[in-house]
């Protein structure tokens, strides 16, 4: 019985999708710097950088930073990008 349960657990782990990498500390620092350069609001940018670490993964942090620099997210990222912006605003600008 225990051996069968262990086999089921191992099978589930093997079939699970790979964990997404969290944004890096360097990305967080770049996000903050770009944000402050745009808004001049250190408190807001600190909040948004902290929130991004929990809301998005490393790849998507690149999308967000690129967008902040004037790029446009790929069409496949539009919905996720808009969701991220709305969620980070709820966290950091609750009266927005």
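Readers should treat all values here as calculations from the given coordinates under stated rules, not as data from a laboratory. Worth saying up front: this structure is predicted, and the values here are computed from it rather than measured. In this analysis, Cβ positions are derived from the backbone assuming ideal geometry, glycine residues included, and neighbour counts consider all displayed protein chains.
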How would 95, 77, 42 line up from fewest to most surrounding beta-carbon atoms within 10 angstrom?
95, 42, 77
Take the alpha carbon gyration tensor of segment 20-92, find the square roots of its eigenvalues, order them as a ≥ b ≥ c, and report rounded if a/c is under 1.5; if not, report prolate when a/b exceeds b/c, else oblate.
rounded
Kirkwood Rh and Cα-based Rg: tell me the resulting Rg over Rh for segment 50-90, rounded to two decimals.
0.92
